[in-house]
Structure formats: C-alpha cells, structure tokens
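These notes concern the structure reproduced below.
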Amino acid sequence: MYVSVKGGEKAINNAHSWLSEIRRGDVNIAELNIKQISEQLTLSVDRVMSEGSLYDKDLSALAIKQSRGDLIEAIFLMRAYRTTLPRIGSSKPIETGKMLCLRRISATFKDIPGKQKLGPTFDYTHRLLDFKLLADGEYEKAKIEKYDDKEIPHVLSFLNKEGLIQKEIPSGKTSKDITRNPINFPLTRSERLQSLSRGDEGFLLGLAYSTQRGYARNHAFVGELRTGYVEVQFEIPELGIEINIADVMFTECESVNQFKGSKKIPAQFTRGYGLVFGQLERKAISMALVDRSMRWKEFGEEYLGVAAQDEEFVISHCDNIQATGFLEHIKLPHYVDFQAELDLVRKIREEYKKNEQRT
Amino acid sequence: MKNESRKQWLSYLSTADENYLISLWDNLNMKIEYNWLREPEIGSVMVQGKAGVTGDNFNVGEVTITRCSLSLDKKIQGHGYVQGRNKYKSKIAALCDALMQTEKKEIIKRNIIDKLIKYKNNKRNEILSKTEATKVDFFTLVRGEDK
C-alpha cells in the first residue's frame, strides 16, 4: 500500500548536491571528460551500450561519468534515454560473415581459412598488476603486417557441409520486439536472443557456468568467436535505397555442443548463439551457452528441471534494470505496509499469550 | 543519377567521423540556400541479427540515428540519415546529398566524398594490418621417434 507523504524535500536536494560534489571528487585532480572515458574505458562503455541496448559511445561514456562508474546505474540511464527516442525503423539483418575482424578464433579447429587472429586480448596476459601504468603515458604500439582483405567464413559452415552439425534454418515464425510488446511465454528463440543480448553479463555468466558444471548436460566448445565492425544496412524510406547507416562493433560466439541424438534427430553437433554490441566476449560466450541450454525442447532433449533450461526463469530474471528496479524499491519508504505487518504480528502474539494463560 | 552511386555517397556520409566531416564541410565555406522538409531529429534504428548466422532474425539493440531532409529548389531534395546524435552532421549530409545532384557535384565529390572514402579505407587498412600481426602461426615440434 502506498500513501503519499510530504517532506524530505530539503534532505533530497541536499543529498543531490552532495552527490554532485562527491562525483567530482578531489578538485585538485583533473576532471574526467567523456572522450577519455569512451577512449580509455572502452569495455565499460561497451557493456553499458550492450545492456543499455543502445549503441552510442558518447552517451554511454556520459552515463558512466554521471553514475560514478556504477555500470548498472549507467545502463539504467541509457535505457531511460532509449525510451525517449523515436524509432526510425529496423535494419536489414547484419551479415557477420562480412565483419571487419579485430579478433577471430576457434577452439575447435586449428587450421581454418582466415586463420586464428588473437586481436587485442587479455588472454595470455599474466594477470599481474602492471605498475608501469602507474607512471605516465608509456604504451606499446600495435604491430602491423601485410594482409589479404578477404572475407572470413564462419568456422561452423565447414561442419555444416558434412551434415555433422544441426543447420540453422529460418523457422518462419514472427517474433515480437520485446521492447514494444509484453512478453508471453513460451517465447520464440528470437525473443529469447533479444532478451539475452541485453541481459546482465554477471547473471548470464553464472547460468552459463552452471551448465558447464552439470546443471543441464551441455558441454560446449567455442566453435568460433569473432569481434569487429559490421556495416548496418538500412533502407531510407524516402528513397527506397539501402545504405550503410552505421558501423557497429559486435562480438559473436557460436558454440558447438555434443548431442547424442533424440527421437527427432540423429547424433550430431548442435549450436548456441551469442551476439552482443561491443567487445564483450565473456558475455557473448555466456549468451551462446544459455541460448543452447534453453533449446532442449527444440532438440527433443530431457528437461532436467535446472535453471538454465527454464526460459521463464532465465528471461524473467536476466534483465538487470528490471531486477534492480524491483530490488532497490524496497529501500524506499514502506512505512504503512510495515505498520500493517507490525499490527498483525502484535495481534497474533496477544492471541498466543491468551491461549498460553488458559492452559 | 544512378541509385548505386547515391547509395555509396549516402553510406559514407552516414558513417563518417563527425568531426572530420564537419571540418571538410566548413573548409569549403559554401553558402547554400535551402528549405527544410524535415528539420534534424534524433531517433534510433533497431539493429537485427540472425540466430546462428543463418536462422531467424532477432533484434539485437538500437543505434542512434539523426535524420533531416531539405530541398534546394522544388526539384532537388537531400536526405541526411547519419549515425549518432549530431544534427549538424545530419544537415551537412543532406546538403551534400542534394548538391551531388547538381552541377556542384564535382566539388562535393572531390572535397568530401572522396576524402571520406579515403579516411574509411585507411581505418580499415589499419585494423586489418594490426589484426594480421596477431595471426597465429602454428607449428608442430618434431618428436624423437621419427629419426
């Protein structure tokens, strides 16, 4: 029950003033500007764009600055801004095969057309704090080498040719945009993928990890992981001409999962798919694993009653803005609610006492 | 005017680095008379992916877009659909689109479109050459028993 109560206005205003001051920090230290954030904290910026579901680096950097680096708060700001934007339209489906790759690896095949390219990765670093970064501005320059500018084919397309892996064929089912329509379970895979792509990285990581540890038989290989820029094509309504309206960085993961076969399908490999804005490979891999575990029905697998198989559980809880909104609202005044509970407990205790005296 | 070439210049204008495009335009110092058909507005386009590369379409998320339309006279219209939230960039794109349909075409092509193409190609080459340098060359160690 909510009853409006007046008061606290001055306290709130003063709290906001202090928030503003503490956000600035020590004034003897130079203020962060948005470009510094978008250029130097790129992976935070990517995460806020991905989970904020809006690709705009400057806005993401602004949100990070405004939220004092609290990324969920920053994602909240992005989502709120996103809702104010008129929707101009929908792009053509992107072609990740034409990606301008910064990174492209496969954990399933060593020798692949287009080769393994590590890109700017933390993998193989020793995870030791680098005290050189405490000092000023030294950095190594990237090395360059001559290249062939050829399209890099998807690794799983080779398995496809042998029929060893399940094919991804359009179902023809129409999917709703979950940001425009309330979701109704069961969902289409497209609706699940949209939710996962904007879902919380930590939540998806935990669920994906649970599938690896045995909660859903789902041993996954990373068939391919690629990060790079993709041209987004959009038809200009006035002209009927399709143009490259935006260049967007994506990370894509295709997982390969062993599958012993079922009544419906002979033994073959199956797939999970992850596609997210930015260079967020932990999230792309997590997404692929969770996508796969939720496809049990499609492949005629057994339902083991685990969280990662339960689309209603996963999709209802993977959105960190919904989650934090409901969670954090309980710190707001619930005085009347609680008063009612207090009265109830007192009444029950009185009755208990009376009964005790009687016996 | 062929759609193919218009598609090309609109694409380079849309994805241009905004500061670079603005500096190219401002350097031209052109005074162009125009009327708004649609003043610059900020919106979004929903980006679609494909499940498992070849399956069903799905919505990945939105990207910010600014658009405007203007006319130089009754016949010639320019449309400025650009990535990001810069209204001036959108207006420049619309003006360039319009001027590419006039006798000023060569000036715009030489001083703006060609430079945007070069800029983007350079960026692409930079990424490709850095990525190439991180290519893994596998080799197998020779084992003793083969001697």
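No value in this document is a laboratory result; all are computed from the given coordinates. Not measured: the values here are computed from a predicted model. Ideal geometry is used to build each Cβ from the backbone, glycine not excepted, and the neighbour counts take in all protein chains shown.
Let me know the mean shielding of A:114-124 by other chains, meaning the per-residue number of their Cβ atoms within 10 Å of its Cβ. It would help to have the intermediate numbers written out before the result.
Working: counts 1, 7, 5, 8, 5, 5, 3, 1, 0, 0, 0.
Neighbouring Cβ atoms belonging to other protein chains average 3 per residue here.
Between the DSSP loop rule and a limit of at most 11 other Cβ atoms within 10 Å, which trypsin sites (Lys or Arg not before Pro) in region A:272-318 are left?
Details: sites: A:Arg282, A:Lys283, A:Arg292, A:Arg295, A:Lys297; in loops: A:Arg295, A:Lys297.
Of the trypsin sites (Lys or Arg not before Pro), the ones in loops of region A:272-318 whose Cβ has at most 11 other Cβ atoms within 10 Å are A:Lys297.
Nothing charged except the Cβ atoms of Lys and Arg (+1) and of Asp and Glu (-1): what's the magnitude of the dipole of chain A about its Cα centre? Round to the nearest 20 debye.
Values: 52 positive and 52 negative charges, 186 e Å.
Its charge dipole is roughly 900 debye.
Taking each residue in A:177-183, count the Cβ atoms of any other chain within 10 Å of its Cβ, then average. What number comes out? Mind showing how you got there, number by number?
Numbers: counts 4, 2, 4, 2, 0, 0, 0.
That works out to 2 on average.
Taking neighbour counts of Cβ atoms within 10 Å as a proxy for exposure, in what order, fewest first, do A:Leu304, B:Leu21 appear? List each step's numbers first, then the result.
Values: A:Leu304 15, B:Leu21 25.
So the ranking, lowest neighbour count to highest, is A:Leu304, B:Leu21.
Please identify every one of the chymotrypsin sites (Phe, Trp or Tyr not before Pro) in region A:262-318 that sits in a loop by DSSP and has no more than 14 other beta carbons within 10 Å of its own beta carbon. Show your work: numbers first, answer last.
Working: sites: A:Phe269, A:Tyr273, A:Phe277, A:Trp296, A:Phe299, A:Tyr303, A:Phe313; in loops: A:Trp296, A:Phe299, A:Tyr303.
Passing both the DSSP loop test and the Cβ count: A:Tyr303.
Taking beta carbons within 10 Å but only from partner chains, what does the mean come to for residues B:3-16? If you can, show how the numbers build up before the last one.
Details: counts 4, 1, 0, 4, 7, 2, 1, 7, 10, 2, 1, 8, 9, 0.
Shielding by partners across B:3-16 averages 4.
Please list B:79-85, A:284-290 highest first by mean number of surrounding beta-carbon atoms within 10 Å per residue. Mind showing how you got there, number by number?
Working: B:79-85: 25.1, A:284-290: 29.0.
Final packing ranking: A:284-290, B:79-85.
Output the relative contact order of region A:96-318, whole-number percent, from Cα pairs under 8 angstrom with separation of 6+ residues. Could you put the intermediate results ahead of the total?
Details: 369 pairs, mean separation 48.5, N = 223.
With pairs under 8 Å counted, the relative contact order is 22 percent.
Where does helix A:320-329 land angle-wise versus the long Cα axis of chain A, in degrees 0 to 90, nearest 10?
Roughly 10 degrees between the two axes.
Do any trypsin sites (Lys or Arg not before Pro) in region B:36-77 lie in a loop, going by DSSP, with at most 12 other beta-carbon atoms within 10 Å of their beta carbon, and if so which? Don't jump to the answer; show the numbers that get you there.
Numbers: sites: B:Arg38, B:Lys50, B:Arg67, B:Lys74, B:Lys75; in loops: B:Lys74, B:Lys75.
Sparse-neighbourhood loop trypsin sites (Lys or Arg not before Pro): B:Lys74, B:Lys75.
Can you compute the helix-only [θ] at 222 nm over chain A? Use -39500 (n - 2.57) per DSSP H run of at least 4 residues, normalise by all residues, nearest 500 deg cm²/dmol. Don't jump to the answer; show the numbers that get you there.
On the way: 12 runs with 138 residues, N = 359.
Roughly -12000 deg cm²/dmol at 222 nm, from the helical runs in chain A.
Would you order A:Lys98, A:Lys65, A:Lys141 from fewest to most other beta-carbon atoms within 10 Å of each residue's own beta-carbon? Numbers along the way, then the final one.
Numbers: A:Lys98 13, A:Lys65 19, A:Lys141 6.
Placing the least packed residue first, the sequence is A:Lys141, A:Lys98, A:Lys65.
Normalised by the residues of region A:194-338, what does the relative contact order come to in percent, with Cα pairs under 8 Å and at least six apart?
Numbers: 258 pairs, mean separation 37.6, N = 145.
For region A:194-338, the relative contact order is 26 percent.
If we sort B:130-142, A:195-207 on the protection proxy, mean other Cβ atoms within 10 Å, highest first, what's the order? Don't jump to the answer; show the numbers that get you there.
Working: B:130-142: 12.2, A:195-207: 22.5.
Result, highest mean Cβ count within 10 Å first: A:195-207, B:130-142.
Find how many whole Å separate the alpha carbon centroid of region A:29-57 from the alpha carbon centroid of region A:147-204.
26 Å
Mind putting a number on the dipole of region B:3-133 about its Cα centre? Charges go on the C-beta only, +1 for Lys and Arg and -1 for Asp and Glu, and I need it in Debye to the nearest 20. Intermediate values should be presented prior to the final figure.
Details: 22 positive and 16 negative charges, 43 e Å.
Around 200 debye, computed over region B:3-133.
FRET efficiency for A:Arg180 and B:Lys7, Cβ-Cβ distance as r, R0 = 30 Å, nearest 0.05? Write out the running numbers ahead of the final one.
Values: r = 29 Å, r/R0 = 0.96.
The value I calculate is 0.55.
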